[in-house]
Structures are given as structure tokens and as C-alpha cells.
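Where a number appears in this text, it was derived from the coordinates with a stated rule and is not lab data. In this text the structure is predicted, and so the values were computed from the model without any measurement. A quick note on method: Cβ atoms are made from the backbone with ideal geometry, for glycine too, and the neighbour counts reach across all protein chains shown.
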């Protein structure tokens with residue numbers, strides 16, 4: 001090369017791919033339940049364990065979870081973290097408390113935000129109850 | 001009966017936040033060439049290439065091994081691409097080893113890499129999915145609750161994690177390839193670093209690194225003929241369990257317990273803590289050292305923290321862990337598992353330099369991935385089993 | 001080498017779009033069926049390996065959820081390749097060769113309908129110099145077809161005949177997607193899609209999954225009345241730079257075919273992973289198949305092209321046909337990458 005040039009160390013090539021996702025048969029029941037203010041789990045066809053949110057299979061047995069079970073809106077905190085790091089896909093104000101909650105009647109915990117009490121009071125084993133957003137905002141597909 | 005196989009060459013790149021001086025082909029080639037030189041081999045001596053890396057979205061290239069064909073001398077050869085989440089570097093080495101152990105190939109090149117600076121890893125891990133509200137982000141958000149679970153059940157002192165981080169960051173100073181080099185690191189500095197995902201502090205987490213690691217694995221005939229030190233592969237194992245299911249113990253996963261127990265059996269090890277000289281294990285957040293000490297049967301359940309606390313896992317302890325500085329000091333995700341396997345091999349080959357454990361004869365390499373659900377491990381020794 | 005046989009094969013019916021079930025729900029019945037037919041208890045299967053890609057699923061770590069469909073409890077020995085399921089089968093075969101296990105399950109899945117496949121596959125190309133130009137799969141295949149046509153290796157009529165034959169054959173395959181009787185003259189009267197390719201030269205977009213169980217010698221004979229033996233299996237890679245290859249040839253297929261021992265006996269039929277019509281003609285030559293060798297009696301990828309499963313499906317379909325007594329020795333082939341860059345060849349015998 002005749003002239004000294006700065007080396008090219010980076011080029012930006014935007015990538016855009018659109019996808020249409022399918023929640024699946026059982027997850028769809030759960031999502032429709034949310035729209036009605038219900039927490040719908042699904043029981044394993046073989047072992048009867050109740051999954052919420054159901055993802056289509058009981059991974060223990062590798063069979064569908066086709067029996068829908070409406071669950072209580074109360075549960076127990078299994079473990080928790082206080083999140084202080086921002087993320088593009090999360091619209092919650094920092095810091096916030098995310099907890100694994102075992103709903104009464106469920107056999108697996110689901111994640112929920114604990115926003116109604118100070119962080120220092122949240123502990124493992126604490127009983128909690130679901131607090132719903134205003135009904136007008138119940139649209140899980142577009143959150 | 002499977003053929004004997006051994007690691008005869010190892011190459012690592014310098015790990016760094018942004019390796020702007022090399023492209024992806026340049027990065028993998030840097031590690032591969034060093035491994036070939038270490039083995040005293042040339043490209044033409046290699047029968048097959050096995051490559052591993054974590055999600056393709058980290059670099060924005062789909063199945064990038066295809067475009068790396070030339071860079072890794074893969075044209076005209078068999079090339080396999082492994083992806084088993086965070087354990088992938090380990091799994092990739094195991095697939096490469098099995099090609100030799102099966103007697104299919106004599107000399108196999110295996111490479112793992114990640115070049116996170118070429119895309120946005122946080123984006124790749126946090127795609128906004130419809131019909132699922134994200135509440136925790138990235139690996140830290142997922143693992144922090146598990147760590148809290150461990151603290152609760154084991155009653156480990158709250159500064160255990162800080163002690164692990166201090167040890168690994170000090171060890172990194174003895175490793176020329178380590179990404180994070182913090183000469184003035186101290187207990188207080190870690191303790192006072194910001195809490196990210198409670199109870200994980202900033203200096204208790206791994207960095208995000210660019211880097212690659214490569215190994216040449218050869219059969220007994222070529223290993224002996226090379227006249228160079230070898231790390232003989234005594235045993236390998238992989239185990240998987242599902243991410244979420246009713247009754248799962250995410251803190252102390254059964255897949256890890258089973259994987260290591262079977263591994264020791266295959267390697268003829270009865271008392272792992274006494275018989276294994278040192279270990280390189282996958283610790284992306286400091287607290288995973290005590291957790292994995294238990295999962296690997298080095299300590300009784302709920303007592304792994306004592307090993308850290310008593311200095312057993314220090315470089316001069318009775319069971320040194322992560323002499324290289326570990327994942328806490330360099331985390332080129334797809335490569336991180338292979339680095340553990342390679343560092344274990346370096347120890348028994350006596351080539352670990354400043355972080356060498358004197359007279360190491362048997363070493364463990366360990367990797368895990370997904371939601372603590374994918375495990376891959378190997379035991380290497382300075383002599384064939 | 002240990003003798004290894006395919007003891008069962010199962011797949012979904014291939015469809016344009018699986019809009020109702022998610023990947024796990026799509027996989028469960030396939031894995032159930034293949035395990036059931038294998039005669040080996042699920043817990044007894046020594047190793048599991050899957051093949052899939054995140055770019056079809058539109059999320060990182062997409063293969064992790066597939067574990068839910070396998071029954072990985074208690075924990076299992078398992079691995080995954082970011083490749084077509086045919087390479088998952090290869091890894092499984094290697095594990096058996098190591099003597100570590102006596103049986104293995106290989107499966108793969110993908111839903112091309114979720115995104116825009118032709119554009120997504122452009123992300124396989126060199127990210128610095130090629131991908132920014134967004135060369136979609138069909139355009140790259142068209143470049144390849146043009147080279148073959150100009151060299152006089154085949155004609156547009158030959159290509160149309162391939163498409164018509166595959167889709168006619170698919171009429172006998174209840175799980176194929178695109179089937180029927182097509183008149184070659186009428187096909188040739190259609191306009192070009194991407195010259196020299198017409199619509200019929202291109203594969204349909206398909207969603208689906210496939211699974212195979214293999215077992216070592218004695219176990220295979222014990223559990224199966226009709227084990228289909230893998231007599232040779234090998235895979236090779238060509239250059240990624242389209243400009244540095246003669247696109248009308250497939251040296252990696254030729255080499256893999258030699259290593260797999262294709263020529264060591266007569267071939268009754270072949271299942272070739274040729275998503276584009278002209279690629280079947282290139283592969284035929286590379287494998288040295290005689291003119292009278294029946295190709296893609298299942299309909300092949302021109303009748304259903306479930307990306308990530310289409311290669312494994314070729315091996316599976318070939319094994320089914322041999323097990324049904326419609327042939328004694330067959331060659332099955334899988335491909336990956338732009339313009340047949342990577343190729344796997346497997347020789348099967350009854």
C-alpha cells in the first residue's frame with residue numbers, strides 16, 4: 001500500500017431477522033387464563049405434578065401435561081435476588097426484587113416481582129399473594 | 001476397549017474484552033497454530049477438526065464453523081460443531097477425544113472460542129420474547145437465587161464468595177493469558193464492589209472476554225513418538241438434566257453429582273480429594289466454587305465452603321482449584337470449558353509456568369452450562385491409565 | 001469398528017407451518033415412537049445427541065428446551081451439535097465406536113416457518129465480506145446451477161425432471177409435504193424465480209422433527225427383526241468461499257463417499273439431501289451413482305425440507321425402505337452450508 005492507513009478493526013453490519021413464535025398448546029391455555037385473571041397450571045399425565053407456567057411437557061416423565069389446574073394466588077418464596085443491573089428486555093425500575101414463588105398446589109416455582117414491601121423484609125419462606133395489574137393491562141401477548 | 005488418547009498440544013490466545021486486532025478466523029487460528037506448534041505438528045497432520053462455541057447469536061453468524069473452514073484447515077476434512085451451552089468447551093474436547101478413542105482418527109484438532117465483542121451478548125441472551133415477561137436478565141439473574149439458596153442451606157459465612165474471588169484474581173496474576181489482571185486486588189476491594197444481583201458483587205462475577213483455546217489430541221502411537229510430555233485422558237463424562245422440573249435441586253444438581261461419580265469410577269479414583277492433585281472447574285460466579293466442591297464429591301454436602309475458607313483450594317492448598325484464575329478471570333464463554341480442560345492438561349504436562357502445581361500427576365477439568373444442567377468433565381494424568 | 005445398525009426411525013409429518021405446537025410438543029410423539037419401536041427401554045438408551053440451530057428458533061440455547069422431550073431424569077449422557085441431525089447421528093455412532101455405550105438416540109428439529117429462511121441462511125456466510133450483501137440461499141444455489149448449465153453437465157429440463165420425479169414419488173409418502181404429478185413441459189414454461197431456478201427447482205418451507213435409534217451388533221440383532229447396518233459413514237468439508245470452488249462439483253461428497261465405501265457394492269437406491277433440483281445431479285456424479293439408481297424414493301427435500309432434520313431424514317427414510325425389503329444396499333447423504341459446502345455420506349445395508 002502506498003499510503004499509511006489506519007487498519008480497519010470494526011465494521012457494523014446490522015442483522016435483522018423477524019420471527020413468529022408459537023407458545024404451544026399448554027402455554028396457550030396458561031396465557032388465556034392470565035387474560036381472565038386466572039393462574040392455570042397443568043398436571044403431568046403420568047406423575048400428576050403440577051407445572052406453572054406449563055411449557056408443554058413434564059421433563060421428568062417426558063409426557064404432556066394436559067390436565068389444566070387452576071391454582072391459588074398465594075404461595076411461598078423459595079429464593080430471591082435483588083437485581084441492580086439494567087437489561088434491554090426488562091422494563092422494571094431498578095433495583096427490584098425477583099423471587100421464585102411456589103404457588104399453593106404447584107410443584108414448581110415461578111418467578112415474580114416482590115414490590116409491595118421493602119427488600120430487607122423479603123426472606124426465604126415468606127408467604128406472598130399475587131397482586132394483579134389493572135384489568136385493562138391484562139394482555140400477556142403484548143405486555 | 002477404547003484406544004488411549006492424550007493431549008499433545010495446547011494453544012490459548014490472550015483473553016481480552018475486545019480483541020480488535022483479529023477477526024474471528026484470526027482468533028481461532030491464533031489458538032490453533034499455538035496448539036500445533038506445541039505438538040510439533042503441521043496442518044496436514046490433522047485428520048479432523050472439532051469446534052465448539054456457545055450461542056451463534058453472540059457473534060451474529062449462523063453456524064460460523066462453515067466460514068471458519070479455511071482458517072482451521074478444515075477443507076477436505078471432517079469438521080464437527082458442538083454446542084452444549086456453557087459446558088460446550090468441555091463437551092467439544094470430549095467429542096474430539098472420542099474420535100481418537102474410537103480409533104476413527106489418529107490426530108484431531110479441537111478448538112473453542114467466543115468473540116463477544118463482535119455482537120451484543122446481552123442482546124443475544126435477552127431477546128424480548130412475546131408471551132413471556134422477563135424478570136431476571138442474563139446468567140447473573142438466573143444464578144443469584146441459587147447462590148442464595150446455597151447460603152441458606154449450608155450456613156456458609158457471607159464472605160466465602162469474596163475469598164474465592166480474591167484467590168482466583170490473585171492466581172490470574174500468574175497466568176499471562178488471563179483477561180483480568182488486577183495487581184492491587186484486595187478483600188475490601190471485592191467486598192466494596194457494587195452488588196449486581198444480590199448476593200453477587202461485581203468483582204465476584206466473570207468478565208466478558210474474546211478468546212480461543214485449542215488442543216491437539218493424539219492416539220498412543222503418535223503421542224509416544226512425539227517424545228513430548230502428554231496429558232493422557234483417563235476418563236471423560238457428560239451428563240444432562242432438564243432445566244426446570246418439579247422437585248429439581250438446582251443448587252446441587254443430580255447431573256453433576258452423577259457425572260463426577262461415574263467419572264471417578266472410570267478413572268479408578270476412590271478418594272477424589274486425596275487422589276486428584278488439582279482441578280480447573282467452571283466458576284463464573286465466586287460462590288460456585290464451594291457449591292461445586294460438594295457437587296464434585298471433594299467435600300460433604302453443605303461443607304464445600306470450608307475448603308475455600310480453610311485455604312484448601314488455594315494454589316498452595318491440598319486441593320488447588322483454578323490455578324489459572326479460572327472463569328472469574330477470563331470468560332470467552334464457548335472456550336471457557338475447554339480452557340478448564342486444557343489447563344488441567346497443562347498441569348500434568350508440567351507446562352503451567354508460574355501457576356504450576358509442583359508434581360501434579362492427576363488433574364480434573366470441569367465445565368457446566370445451561371441452568372446448572374449440562375456437565376462435562378475429564379481426568380488427565382501424566383501416565384496412561 | 002463395531003457393527004452398528006439403525007433399529008428404528010420416526011418423524012413428524014412435514015408441514016408448511018406448525019402453528020399450534022411448540023418444539024417440545026412437536027418432538028415428544030416422535031421420540032416416543034422411535035424409542036417404542038426400537039425395542040430398547042428409554043432408560044437403557046446409552047447416549048442421546050440432538051441437532052438444531054438457534055437461528056431457526058429465534059432464540060439462544062434453543063436446544064435446551066428439547067431436553068424436556070427426551071426424559072432426561074435421572075440425568076442422561078447427552079450432547080448437541082449445531083448441525084443437521086445427521087451429524088448428531090455421527091456423534092452418536094462415534095460414542096458407540098468408543099465402546100462407551102451400546103445404543104443411542106439421535107434427533108433433530110426445526111421450524112423454518114418462524115422466520116424468513118432464505119435470508120436467515122445468508123447469515124451462514126462470511127460476516128465481514130459476504131453476509132452484508134445478504135446473499136439468500138436461493139440466489140447462491142442459482143449461481144451454482146448456472147455453472148453446471150454452462151458447463152453442459154445438465155439442462156434445465158434435467159432439473160425439471162428431477163423436481164417432477166421427486167414430487168411424484170412423494171405421493172407414496174404420507175409424511176411428505178409437496179407432492180403430485182407435474183408435467184415437465186408445463187414446469188419449463190413457468191417464469192424464473194431466480195434465474196436459472198424456477199419455483200419447482202426450490203424446496204418447500206417445512207417444519208418438522210426426526211429421530212433415529214442405533215444399536216451395536218448383538219443388541220441390534222436382539223431388539224430388531226430388521227436391523228439396517230451402517231456399513232460406512234464419513235463427512236467432509238469444502239471451502240466456504242464460493243469463488244474458490246468449482247460449484248458444479250462436490251469434492252467433499254466424493255471424498256466422503258469414497259471413505260464410506262459407496263463403491264464397494266451395488267447401490268439399490270439413494271436418499272440425497274439435495275434441496276435444489278440441480279444439486280441432486282451434482283451429487284449423483286460425485287457419488288458415482290449409475291444412471292439407473294433410484295434417487296429419493298421418499299420424495300426427498302424437494303417434497304419436504306425440514307431444515308436441520310432433512311439430512312437425518314434421508315438416513316431415516318433409507319433405513320425404512322431397506323427394513324421394508326425394498327432394497328438391500330443404499331446410500332444416504334446430508335448436506336450443510338451454502339451450495340453443498342459440507343457433506344455426510346452413509347452406506348446402509350439390510
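Mean residue ellipticity at 222 nm from the helices of chain B, using -39,500 (n - 2.57) per DSSP H segment of n ≥ 4 over the full residue count, to the nearest 500 deg cm²/dmol? Kindly include the intermediate steps, with their values, before the conclusion.
Values: 13 runs with 129 residues, N = 385.
Rounded to the nearest 500, it is -10000 deg cm²/dmol.
Only Cα pairs within less than 10 Å get springs; with that Gaussian network setup on chain C, which residue of C:77, C:199, C:226 has the largest fluctuation?
Of C:77, C:199, C:226, the most mobile in the Gaussian network model is C:77.
Using a ≥ b ≥ c from the Cα gyration tensor of chain A (square roots of the eigenvalues), is it rounded, prolate or oblate, where a/c under 1.5 gives rounded and otherwise the larger of a/b and b/c decides, a/b for prolate? Walk me through the numbers on the way to the answer.
Details: a/c = 2.35, a/b = 1.63, b/c = 1.45.
Taking the square roots of the gyration eigenvalues as a ≥ b ≥ c, chain A is prolate.
I need two numbers for the stretch C:271-312: Rg to one decimal and Dmax as a whole number, Cα atoms only, in Å.
Looking at the stretch C:271-312, its Cα Rg and Dmax stand at 10.1, 29 Å.
Would you calculate the volume per residue, in Å³, of the smallest convex hull containing every Cα atom of the stretch C:1-68?
Spelled out: Cα convex hull of the stretch C:1-68, divided by residues, is 133 Å³.
Can you work out the FRET efficiency for the pair residue C:17 and residue B:358, with r the C-beta to C-beta distance and R0 = 51 Å, to the nearest 0.05?
0.25
When the helix-only estimate is applied to chain A (DSSP H runs of n ≥ 4, each -39,500 (n - 2.57), divided by the residue count), what is the mean residue ellipticity at 222 nm, nearest 500 deg cm²/dmol? Let's see the in-between values first.
Values: 1 runs with 11 residues, N = 143.
It lands at -2500 deg cm²/dmol.
Quote the FRET efficiency, to the nearest 0.05, computed for residue C:116 versus residue A:5 with a Förster distance R0 of 45 Å and r equal to the Cβ-Cβ distance.
0.75
Using only Cα atoms and rounding to the nearest 10 degrees, what angle (0 to 90) does helix C:251-260 make with the longest principal axis of chain C?
Approximately 30 degrees, to the nearest ten.
Normalized C-alpha radius of gyration of chain B, against 2.2 N^0.38 Å?
Numbers: Rg = 19.3 Å, N = 385, 2.2 N^0.38 = 21.1 Å.
Normalised by 2.2 N^0.38 Å, the Cα Rg of chain B equals 0.91.
Taking the Cα centre of each part, how many Å lie between the stretch A:86-143 and the stretch C:186-221?
46
How tilted is helix C:277-287 with respect to the longest principal axis of chain C? Cα atoms for both, answer in degrees (0 to 90, nearest 10).
60
Could you give the distance between the Cα centres of the stretch C:1-58 and the stretch B:321-357, to the whole Å?
37
Please compute the Kirkwood hydrodynamic radius of the protein assembly as shown from all pairs of different C-alpha atoms, in Å with one decimal.
Radius from the Kirkwood sum: 27.7 Å.
Is the stretch C:8-150 best put as rounded, prolate or oblate by its Cα gyration tensor, with a ≥ b ≥ c the root eigenvalues, rounded for a/c under 1.5, and otherwise prolate when a/b is larger than b/c, oblate when not?
Values: a/c = 2.17, a/b = 1.80, b/c = 1.21.
Note, shape of the stretch C:8-150 comes out prolate.
Rounded to the nearest 500 deg cm²/dmol, what is the calculated helix-only ellipticity per residue at 222 nm for chain C, with -39500 (n - 2.57) per DSSP H run of length n ≥ 4?
That comes out to -9500 deg cm²/dmol.
Please report the spacing between the Cα centers of the stretch C:278-317 and the stretch B:196-221 in Å, no decimals.
After rounding, the separation between the Cα centres reads 41 Å.
Would you mind telling me which residue in C:217, C:180, C:325 has the biggest mean-square fluctuation in a Gaussian network model of chain C, where springs connect alpha carbons within a distance under 10 angstrom?
C:325
Can you list, bin by bin at 5 Å, the percent of alpha carbon pairs in the stretch A:72-130, starting at 0?
4, 19, 30, 21, 15, 8, 1
Compute the helix-to-body angle for C:137-150: its Cα long axis versus the longest principal axis of chain C, expressed 0 to 90° and rounded to tens.
60
Cut-off 10 angstrom, C-alpha nodes, Gaussian network model of chain B. Which of B:319, B:189, B:307 fluctuates the most?
Between B:319, B:189, B:307, it is B:189 that shows the largest mean-square fluctuation.
Could you give the nm distance between label points at residue B:274 and residue A:18, where each point is 7 Å from its Cα heading toward the beta carbon?
6.7
For the stretch A:21-71, just say rounded, prolate or oblate: build the C-alpha gyration tensor, square-root its eigenvalues into a ≥ b ≥ c, call rounded for a/c under 1.5, and beyond that prolate if a/b exceeds b/c, oblate if not.
oblate
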